[in-house]
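Some notes on the structure that comes next.
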Amino acid sequence: MTAPLVAVHGGGEAAEIVLPEPREGMGWRRLGDSFLPAGKERTEGRAGGRLRVTQATDALAAALAAYDVHGPVAVIDPYFPVGEADVRGFMESIGHPVDAFHHLETPRPTGIAEVPVATMAAALRDLADRDVVAVVQFGATLPMMRLPADAERVLGKPIIAINAATYWHAL
């Protein structure tokens, strides 16, 4: 049996909790509910207080604070514009208005993991040219862990990949 995985994939009854191993089909759910603390609190409660849970939204706020980011940000994500309201609302709730989006509009969930590095790099260049203080990546399946370090040096502003921030925050 693999080590327990703690995943909060939404609030309410849709929240997943401690799983013995990943299940096929996890992770393609509406973003909006995952911004609510109820899913995290419910997961911690159901784990009997034995686990502390972090989620991408906790990590993102902490990463922006660690970078001392103040002001508007840009967002890159693999989704379609329909999700902008949820992301914009969350970002504003933590003090960061979103001035620009770059939606990669992947046609199917599995396509998110197949987005070429060159496509993501071009999107980052486009967003960095805007009047924003940082670029934030949403969409945990988007393979962007390695790109931000080099992109930050070239573009001159923080680039926060959601998975890297979440792993960092869990430590």
Q. So which residues in the range 121-133 are surrounded by 23 or more Cβ atoms within 10 Å (Cβ to Cβ) and in contact with a helix residue (DSSP H, G or I) (Cβ under 8 Å, 6 or more places away or on another chain), if there are any at all?
A. L124
Q. Here is a list of conditions, (1) acidic (D, E); (2) modelled with pLDDT under 90; (3) open to solvent by 70 Å² or more (accessible area, probe 1.4 Å), and E92 meets all of them except one; can you say which number that is?
A. (2)
Q.
With open to solvent by less than 50 Å² (accessible area, probe 1.4 Å), in contact with a Lys or Arg (Cβ under 8 Å, 6 or more places away or on another chain) and at pLDDT below 75 as the only criterion, which of G39, G32, G10 stands out?
A. G10
Q: Collect the residues in the range 68-83 that are buried (at least 16 other Cβ atoms within 10 Å of the Cβ), in a loop (DSSP other than H, G, I, E, B) and of a type outside the set (A, V, I, L, M), keeping them in residue-number order.
A: P72, P78, Y79
Q: For Y167, work out the one condition from (1) open to solvent by 70 Å² or more (accessible area, probe 1.4 Å); (2) over 23 Å from A65 (Cβ atoms) it doesn't fulfil.
A: (2)
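The values are calculated or read from the model by the stated rules, or taken from the named source; none is laboratory data. Note that this is a predicted model, so its numbers are computed, not measured. Quick reminder, even Gly has a Cβ in these numbers, built from the backbone with ideal geometry, and neighbours come from all protein chains shown. These area figures cover heavy atoms from the full protein model, side chains too; ligands, DNA and RNA do not enter into them. Shrake-Rupley method; radii C 1.70, N 1.55, O 1.52, S 1.80 Å.
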